[in-house]
Amino acid sequence: DQQVKQNSPSLSVQEGRISILNCDYTNSMFDYFLWYKKYPAEGPTFLISISSIKDKNEDGRFTVFLNKSAKHLSLHIVPSQPGDSAVYFCAASGGDSSYKLIFGSGTRLLVRP
Amino acid sequence: DAGVTQSPTHLIKTRGQQVTLRCSPISGHKSVSWYQQVLGQGPQFIFQYYEKEERGRGNFPDRFSARQFPNYSSELNVNALLLGDSALYLCASSLIGLTNYGYTFGSGTRLTVV
């Protein structure tokens with residue numbers, strides 16, 4: 001039972017353009033959502049998060065949007081840079097499981113120079 | 001300040017053997033969580049320890065066990081290794097174990113079972 005889904009295994013964008021990574025979830029008890037970035041041979045690095053009481057959170061080039069009715073969130077990277085090339089994981093927590101993260105399967109982003 | 005430290009970085013074991021992985025959390029953090037990441041998938045929760053007590057356990061067999069020491073470091077033990085246990089094992093430390101309180105991952109231990 002996959003509670004967090006990232007349906008696009010890969011995404012390729014041109015440097016300077018917008019990257020949009022998508023994530024869907026099924027558990028309505030989730031109330032906190034995070035995006036992690038992962039390079040090979042490294043652990044996931046926290047990027048940005050959003051609480052379910054908000055619908056948008058922004059940090060520099062990164063913005064996360066949450067649509068609770070659709071159980072959907074997205075990460076926007078503007079402008080995209082070659083150094084953003086990595087695997088991006090969406091994760092969720094909440095309810096009686098606020099101590100653990102449920103991850104999606106990841107989206108590999110390639111930003112072409 | 002040192003981040004989350006995991007050791008060893010890589011190891012190779014034979015089926016049926018036992019393995020112990022180690023994790024040192026960020027100074028001041030009292031909680032350690034363990035995750036397994038199989039190739040092509042996202043990390044999956046195995047255990048969380050907070051103040052040396054097990055707070056939660058994921059859907060893993062009893063071959064997996066863990067403990068947390070008085071200095072808040074932790075060990076993950078896996079007995080009777082199977083080929084399917086080959087994965088990246090990640091440790092995450094946090095202040096009080098909640099995901100919205102600075103959940104920071106280490107670089108992981110790559111375990112290969114042959």
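The values are calculated or read from the model by the stated rules, or taken from the named source; none is laboratory data. All values reported here derive from a predicted model rather than from experimental measurement. Cβ coordinates were reconstructed from backbone atoms using ideal geometry, including for glycine residues, and neighbour counts include every protein chain displayed. The accessibility values were calculated without ligands, DNA or RNA, using every heavy atom of the protein model including side chains. Shrake-Rupley method; radii C 1.70, N 1.55, O 1.52, S 1.80 Å.
Some observations on this one:
- Selected residue [away from every other protein chain (no Cβ under 14 Å) and in contact (Cβ under 8 Å) with a residue 40 or more places away in the chain] from A:Lys71, A:Lys56, A:Lys5, A:Lys38: A:Lys71
- Apart from one condition, A:Ile50 fits all of (1) open to solvent by 30 Å² or more (accessible area, probe 1.4 Å); (2) in contact with a strand residue (DSSP E or B) (Cβ under 8 Å, 6 or more places away or on another chain); (3) within 12 Å of chain B (Cβ to nearest Cβ); the exception is (1).
- When residues of the range A:53-104 are limited to those that are open to solvent by less than 40 Å² (accessible area, probe 1.4 Å) and part of a loop (DSSP other than H, G, I, E, B), the one nearest to B:Thr99 (Cα to Cα): A:Gly95
- Of all residues in the range B:62-94 being within 14 Å of chain A (Cβ to nearest Cβ) and over 16 Å from B:Gln44 (Cα atoms), the one that is modelled with the lowest pLDDT: B:Ser94
- Only residues that are closer than 17 Å to A:Ala70 by Cβ, in a strand (DSSP E or B) and open to solvent by less than 70 Å² (accessible area, probe 1.4 Å) were counted across the range A:7-21, and they come to 1.
- Selection status of A:Asn27, more than 10 Å from every other protein chain (Cβ to nearest Cβ), open to solvent by 10 Å² or more (accessible area, probe 1.4 Å) and closer than 22 Å to B:Val38 by Cβ: yes
- Unique match (being over 16 Å from B:Gly58 (Cα atoms) and either touching a residue at least 12 places away in the same chain (Cβ under 8 Å) or away from chain A (no Cβ under 14 Å) (or both)) among B:Gly97, B:Gly106: B:Gly106
- Against the conditions (1) open to solvent by 60 Å² or more (accessible area, probe 1.4 Å); (2) in contact with a strand residue (DSSP E or B) (Cβ under 7 Å, 6 or more places away or on another chain), B:Gly108 satisfies every one except (1).
- The set of residues in the range A:40-73 that are of a type in the set (Ser, Thr, Tyr), out of contact with any Lys or Arg (no Cβ under 9 Å at 6 or more places or on another chain) and closer than 22 Å to A:Leu109 by Cα contains only A:Ser49.
- Filter pass, A:Gly95 being closer than 16 Å to A:Leu21 by Cα and either among the small types (Gly, Ala, Ser) or without any contact (Cβ under 8 Å) to a residue 40 or more places away in the chain (or both): no
- Among strands (runs of 3 or more DSSP E) entirely within the range B:1-88, having at least 3 residues that are touching a residue at least 60 places away in the same chain (Cβ under 8 Å) and surrounded by 15 or more Cβ atoms within 10 Å (Cβ to Cβ) singles out B:19-24, B:31-37.
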